[in-house]
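For reference, the structure is listed below as structure tokens.
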Amino acid sequence: MKVIIFLFICVIRVTLGEVLPIPPLLEREEGVFHLKVVEGKHEFFQGIEEETLGYNGDILGPTLRVRKGDEVEIHVKNTLEDETTVHWHGLRVISAMDGGPHQVIPPGATWKVRFPIEQGAATLWYHPHLLHRTGPQVYRGLAGLLIIEDERSEALKLPRDYGVDDIPLIIQDRRFNSKGRLEYLTRPEDIIDGMLGDTGVVNGVLAPTFSPRLGVTRFRILNGANARTFYLRFSDNRTFYQIATDGGFLEKPVGRRELILSPGERAEIIVNFTSSDKDLQLRDGDYTLLTFMPGREPGEVEKLPKELVKGAESIDTSKLKRRYFVMQGTGRSVNINGKQMDMRRIDEYVKLGETEVWVVTNSSHHMGMGMMMGGQMGMMGNIPHPFHIHNTQFRILSRNGLPPSRWERGDKDTVLVSPGESIELLVEFRHVGLYMYHCHILEHEDMGMMGQFNVSR
Ligand SMILES: [Cu+2]
């Protein structure tokens with residue numbers, strides 16, 4: 001019976017090809033965005049209902065689109081029986097509005113926030129950030145996009161018709177058992193690697209199809225996975241153009257064939273489609289995430305702008321204060337600088353508006369094949385960690401002493417640090433209060449790979 005069910009699932013996996021759902025743009029009601037955290041039912045596989053979580057719906061959340069200079073008001077009602085929080089990932093905002101572990105929304109309560117949008121055009125996102133319990137809530141479906149537009153993004157000749165030629169892609173992975181039910185932290189290696197799935201999910205569905213217009217389409221890609229780093233390529237290995245990093249535009253479009261995104265990171269890319277692109281696929285390694293079926297309608301944007309934004313000026317960093325963050329340990333012992341998250345301890349004190357260099361090292365070293373809990377052989381200690389800092393957009397100054405690649409020279413809030421790597425970041429904070437820095441593998445974060453810094457005058 002089990003075999004039959006498994007085969008049945010495999011057949012659905014190959015043939016489903018659901019149309020890519022686009023998270024709706026949330027309209028303001030009397031100037032206020034209303035988000036309701038709700039329990040839902042979602043069918044990843046036809047006929048198999050899964051208990052999920054969503055904002056205003058069964059899974060994921062609507063897209064909030066705002067403009068630089070806006071005063072934004074958001075009311076988040078928690079209808080769950082559990083606590084939650086909503087963190088605006090990538091946003092420069094005062095700590096009381098940040099939505100970290102200190103801003104718990106009890107069951108039945110409504111959290112009201114109001115803040116100005118002070119930063120430029122970017123694709124940010126929102127998700128829960130409960131102490132020790134972020135992973136399961138995101139895994140069940142809580143994530144959504146927050147798009148900022150500004151004068152520059154509106155003036156540039158780029159596709160920006162949301163859902164038509166400006167397409168959000170929330171890429172995640174999930175693991176299902178033989179009955180097609182979601183599994184979470186069921187294997188010993190999940191404690192080491194974080195929760196890695198075996199099935200890709202895009203905007204909440206498996207292996208969807210999308211019909212782009214002919215010509216160029218923009219994709220705003222979020223790695224919303226708990227732990228998996230995606231190595232994205234097109235099936236024909238074509239060149240596409242990256243135009244933005246986590247926090248905004250790159251100086252110029254950068255031609256690429258592969259986009260590596262770790263959990264929490266975003267990128268905006270431009271892809272050119274022709275009528276002969278039937279069956280083109282977006283893949284992670286050999287795994288097909290999304291299949292394209294170009295339509296016949298020509299797109300509106302033909303050529304990419306040569307320059308997107310002015311590049312950042314180089315500054316002398318030799319006299320700046322340096323802080324060191326070493327990510328180490330494996331499994332339940334993951335830590336930063338030898339410490340695990342403690343709400344009662346402030347790890348770093350930072351001065352408002354002061355530019356600093358944060359040196360982030362992943363000292364997990366390769367110890368070869370080893371026996372893991374449960375008796376399986378696995379890689380021990382060879383774990384990459386995406387490092388995320390709240391309330392800022394930083395610049396990567398160097399990777400292992402070398403200048404960052406051209407596609408990493410934009411504003412960032414999350415950076416992948418591979419084992420043995422050391423990365424220098426140029427950071428600066430414009431709001432006071434208590435904030436987090438942490439690994440964005442959510443199970444690592446939940447196990448304590450997080451610290452607190454206080455920004456003051
Ligand atoms: Cu980690």
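The values are calculated or read from the model by the stated rules, or taken from the named source; none is laboratory data. Values in this document were obtained by computation on a predicted structure and should not be read as measured data. Using ideal geometry, Cβ is built from the backbone for each residue, glycine included, and neighbour counts are taken over all protein chains shown. Protein only, heavy atoms only, side chains kept; ligands, DNA and RNA dropped before computing areas. Shrake-Rupley method; radii C 1.70, N 1.55, O 1.52, S 1.80 Å.
Quick notes on this one:
- The separation of the stretch 423-457 from the stretch 15-57, counted between C-alpha centres, amounts to 30 Å.
- In the stretch 193-325, Rg over Rh equals 1.04, where Rg is the alpha-carbon radius of gyration and Rh the Kirkwood radius from pairwise Cα distances.
- Using a probe radius of 1.4 angstrom, the carbon and sulfur fraction of the accessible surface of the chain is 51%.
- The residue among Gly204, Gly215, Val359 whose Cα reaches farthest toward the positive pole of the charge dipole of the chain, with charges on the beta-carbon of Lys, Arg, Asp and Glu, is Val359.
- Estimated Rh, the stretch 49-153: Kirkwood, alpha-carbon pairs, angstrom: 14.1
- Cα radius of gyration and Dmax for the stretch 321-456 (Å): 15.4, 50
- Helix-only mean residue ellipticity at 222 nm for the chain, each DSSP H run of n ≥ 4 adding -39500 (n - 2.57), per residue, nearest 500: -2000 deg cm²/dmol
- For the residue pairs Lys68/Lys306; Lys157/Lys412; Lys310/Lys412; Lys252/Lys321; Lys36/Lys157; Lys351/Lys412, the alpha carbons lie more than 25 Å apart in Lys252/Lys321; Lys36/Lys157.
- Estimated at the nearest 10 Å², the accessible area of Trp407 is 90 Å² with a 1.4 Å probe.
- The convex hull built on the alpha-carbon positions of the stretch 378-457 has an orientation-averaged projected area of 6.3 nm².
- Given charges at beta-carbon only (K, R positive; D, E negative), |dipole| of the chain in Debye: 720
- At the listed q of 0.15, 0.16 Å⁻¹, the Debye profile of the stretch 90-209, built from one uniform point per Cα, gives log10 I(q)/I(0) equal to -0.93, -1.02.
- Across the chain, C-alpha contacts under 8 Å between residues 6 or more apart give a mean separation that, scaled by the residue count, equals a relative contact order of 15 percent.
- Once you reduce the stretch 138-165 and the stretch 167-184 to the center of their Cα atoms, the two points are 23 Å from each other.
- Net charge of Cβ neighbours under 12 Å - reference Ile260; Lys, Arg +1; Asp, Glu -1: 0
- Charge dipole of the stretch 241-301 (Cα centre as origin; +1 on each Lys and Arg Cβ, -1 on each Asp and Glu Cβ, all else neutral): 140 debye, rounded to the nearest 20.
- Of Glu268, Glu151, Glu307, Glu30, the residue with the largest accessible area leads and the full order is Glu30, Glu151, Glu307, Glu268 (1.4 Å probe).
- Accessible area per residue in Å² at 1.4 Å probe, computed on the chain: 41
- Per residue convex hull volume, Cα atoms of the chain, in Å³: 149
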